[in-house]
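Structure first, then comments.
The values are calculated or read from the model by the stated rules, or taken from the named source; none is laboratory data. Because the structure is a prediction, the values reported are computed rather than measured. Cβ atoms come from the backbone with ideal geometry, glycine included; neighbour counts cover every protein chain shown. Each accessible area value is taken on the protein alone, full model and side chains, heavy atoms only, with ligands, DNA and RNA left out. Shrake-Rupley method; radii C 1.70, N 1.55, O 1.52, S 1.80 Å.
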Amino acid sequence: MIKVAVMGYGTVGSGVVEVLDINRNSIAKRAGDEIVVKYVLDLRDFPGEPIQEKIVHDYQTIENDPEVQIVVETMGGVEPAYTFVKAMLNAGKHVTTSNKALVAAKGAELIALAKEKNVNFMFEASVGGGIPIIRPLNSSLTADEIEEITGIVNGTTNYMMTKMSEEGSEFDDVLKDAQAKGYAEKDPTADIEGYDACRKIAILTSLVCGQQVDFEDIHTEGITKISATDIKYAKAMGRAIKLLASSKKVDEGYVAMVAPFLLPQTHPLYSVNGVFNAIFVHGNVLGDAMFYGSGAGKLPTASAVVSDVVDMAKHLDVNIALEWSSKKLELVDYKNLKNRYFVRTTADKAAVEKAFGSVEYVVAEGVSGEIGFVTESMSEADYEKRVASLGDVLQMIRVA
Ligand code: HSE
């Protein structure tokens, strides 16, 4: 019997306990032993609920119990999760986490500590919820140089973009709807400003290049400025607006960014709608691969956490090597990236053509008093220079 502790009995933590119960027999077969939850760490009590007898309030109860071999961290945030996880690894326990903030900030250090202690630190659930992406990158796509990872990795914003596109609604109304349905937090900042997606692409890029990518270095734009008028233009172009998190290998290194993009119907991520996530990977020998599925939510995320528990149960005496050193990777400046840009302006065509030369005009039904156009491909730096000379810009969205 393998004893497990769960730190944080919120949505994902309670989902982990539920999954371990629902699939007890098949999980035991796959893990080679029965997995039993001995403790649940939470600030709260749950009187009258079966979980109450397992509740502890002091993480040291878990740290000091040699019977606990595997610890699940589903508390979220960097502290106190970092202190607790470090203590568990130092005590020779395996740890899995769903916490992208912790992994993005401290991943390299915790991986190194796990190696030193001959245990494992895993984080399949930290990106893409229930979609397997960390293990495939680490174990399956090892023959390749990964040249691109581009994902829809935030379910909240994808739900909102889908709803705006389907109903022509404004951002604020869709946000209220997402909050009412439980898809957006009361404080939605991390999702709508792209911070959540930024941490996720930092984790994926770190795994791909084997070095520390600091999320603070990734240029990040959210979806807060997307309006119903933008959606009208997108429809006129036969495109969909999606928040993409992307990293690419270029001649000088790696470049990463998070921003809304206008995707054509032929793009592999165009049809990823609602709360679903998908991650497109391009390898130099593999070519293209796509990982699609439930990117958030209680049971899908718990499914990924429990897959780590099973993997760790099968490797109780083995550290599975993970390439992610603490050596910082300096990203290539995103301003070198080349894109086409969709721009809305109140300037006239003569001013547009003076600034950008040849452009493609877009007419959206029911929109007046402005001009919409798509530029030719140019670097971000070049775009910034040209747009400064135009002035009067209402919106810019990159065109994929
Ligand atoms: N808020 C996140 C999302 C949860 O919407 O994708 C999963 O990380």
Using 0.36 nm per residue of separation minus the Cα-Cα distance, give me the extension gain between D177 and E384 in nm, one decimal. 71.0 nm
Please compute the volume of the convex hull spanned by the alpha-carbon atoms of the stretch 143-222 and report it per residue in Å³. 114
Using Cα-Cα distances under 8 Å and only pairs 6 or more residues apart, what relative contact order does the chain have, in percent? 18
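Hey, any idea what % of the stretch 167-247's accessible area is carbon plus sulfur with a 1.4 Å probe?
For the stretch 167-247, the apolar C and S fraction of the accessible surface comes to 45 percent.
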Paramagnetic label zone (point 7 Å from Cα along Cα-to-C-beta, S325; backbone N under 11 Å) in the stretch 184-212: 210-212
Quick P(r) readout (the chain; Cα-Cα; 20 Å bins; whole %) gives 27, 52, 19, 2
Cα→Cβ-extended label distance, 7 Å offset, between E53 and V285, nm: 5.4
Helix 380-390 vs. the chain, principal-axis angle (Cα, 0 to 90°, nearest 10): 40
Just want the answer: with Cβ charges of +1 for Lys and Arg and -1 for Asp and Glu, which residue in H57, Q265, V208 is farthest toward the dipole's positive end in the chain? Q265
Set Lys and Arg Cβ to +1 and Asp and Glu Cβ to -1, take the dipole of the chain about its Cα centre, and tell me which of A180, T150, I192 lies farthest positive. T150
Rounded to the nearest 10 degrees, what's the angle between the helix 81-90 long axis and the longest principal axis of the chain, both from Cα atoms, 0 to 90? 40
Take L316 and N64, extend 7 Å from each Cα along the Cα→Cβ direction, and tell me the distance between the two endpoints in nm. 2.4
Give me the angle, in degrees from 0 to 90, between the Cα long axis of helix 195-209 and the longest principal axis of the Cα atoms of the chain, rounded to the nearest 10. 70
Among W324, A313, F356, which residue has its Cα furthest toward the positive end of the charge dipole of the stretch 285-391, with +1 on Lys/Arg Cβ and -1 on Asp/Glu Cβ? F356
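Name the trypsin sites (Lys or Arg not before Pro) in the stretch 273-360 that are in a loop by DSSP and that have at most 15 other C-beta atoms within 10 Å, would you?
Counting only loop positions with at most 15 other Cβ atoms within 10 Å, the trypsin sites (Lys or Arg not before Pro) in the stretch 273-360 are K327.
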For the stretch 21-130, average projected area of the Cα convex hull in nm²: 7.5
Roughly speaking, what is the stretch gain from A236 to R135, that is 0.36 nm per residue apart minus the C-alpha to C-alpha distance, in nm to one decimal? 32.4 nm
Considering all alpha-carbon pairs of the stretch 60-101, what whole percent are spaced by more than 11 angstrom? 61
Please compute one quarter of the surface area of the Cα convex hull for the stretch 99-148 and express it in square nanometres. 4.2
So if we plug the beta-carbon distance of N23 and D348 into 1/(1 + (r/R0)^6) with R0 = 60 Å, what FRET efficiency do we get, rounded to 0.05? 0.40
Ordered by residue, what ³J(HN,Hα) values in Hz, to whole numbers, does the stretch 17-26 give under the Karplus form 6.51 cos²θ - 1.76 cosθ + 1.60, where θ = phi - 60° and Gly and Pro are x? 4, 5, 5, 4, 7, 4, 10, 3, 6, 5
Surface per residue (accessible, 1.4 Å probe) for the chain, Å²: 43
Charges only on Cβ, +1 for Lys and Arg, -1 for Asp and Glu: so what's the dipole of the chain about the Cα centre, in debye to the nearest 20? 440
Report the label-to-label distance for S358 and A112 in nanometres (one decimal), using points 7 Å from each Cα along the Cα→Cβ vector. 5.3
Which whole-number percent is the relative contact order of the stretch 29-68 (Cα, under 8 Å, 6+ apart)? 37
Across K38/K176; K93/K200; K235/K335; K93/K327, pairs whose alpha-carbon gap is larger than 30 Å: K38/K176
If you take every DSSP beta bridge fully contained in the chain, what fraction is antiparallel? Give it as a percent rounded to 5. 65
Taking K and R as +1 and D and E as -1, what net charge do the other residues with C-beta under 13 Å from the C-beta of Y39 add up to? -3
Hull volume per residue for the stretch 270-400, using the convex hull of the C-alpha atoms, in Å³ is 202
Taking every pair of distinct Cα atoms and averaging 1/r, then inverting, what Kirkwood hydrodynamic radius in Å comes out for the stretch 173-325? 17.8
